[in-house]
Amino acid sequence: MPCYRLYDAARRPRGFIRGQLGPHCAECGDVSGYLCDFPVDKGQTCDRPLCEYHAQEHGPELHYCAAHAEAFAAFRDAGGVRQVLENVTPYKRPPKRPRP
């Protein structure tokens, strides 16, 4: 049966718990409640299991592990987000056709 580490709000170890609670955090072994959502391939994400402490939120329901948060920050700081958004073509609704 799996054993999980538990931490208090100050990230001090407070104990262990045994049971089938799901995956472990890849960083600390705590109960994992998040997966890394960083895109790694077409339609694929990193999916590294993360606890609440190690999951870095970058948007609603969008969490990155530490390595991918750093990679995204470097991409953003180099102007990559702006470049990608400049290449987006806004959707224009076609004109309505008159009824016969």
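Coupling constants for region 53-67 follow from the phi torsions by the Karplus curve (6.51 cos²θ - 1.76 cosθ + 1.60, θ = phi - 60°), and in residue order they are 6, 8, 7, 8, 7, 10, x, x, 6, 10, 10, 10, 6, 4, 5 Hz; glycine and proline get x.
Put simply, the amide H of D30, placed in the peptide plane, has neighbours under 5 Å in R5, C25, leaving out anything fewer than 5 places away on its chain. Each residue of region 85-100 is assigned a 3J(HN,Hα), and the resulting list reads 5, 5, 8, 7, 9, x, 6, 10, 5, x, x, 6, 8, x, 6, x Hz, derived from the Karplus form 6.51 cos²θ - 1.76 cosθ + 1.60 (θ = phi - 60°), x at Gly and Pro. The Cys residues in the chain with no partner Cys Cβ within less than 4.7 Å of their Cβ are C3, C28.
Near H63, the amide H atoms lying under 5 Å from its own belong to D37, H58; only residues 5 or more places off or on other chains count, and H is placed 1.01 Å from N. Where [x] 72, 41, 25; [y] 46, 28, 23; [z] 38, 32, 21 are the candidate values, the label of the one calculated here for Cα extents along the principal axes in Å is [x]. What you get for the chain, charging only the Cβ of Lys and Arg (+1) and of Asp and Glu (-1), is a dipole of about 700 debye around the Cα centre.
Close amide-amide hydrogen proximity is noted between E52 and G33, each under 5 Å apart and 5 or more residues distant or on a separate chain (H modeled in the peptide plane; Pro and chain starts excluded).
Bear in mind these aren't lab numbers, they're just calculated from the coordinates by the rules spelled out. Not measured: the values here are computed from a predicted model. Reconstructed Cβ throughout: ideal geometry from the backbone, glycine too, with neighbour counts over all protein chains shown.
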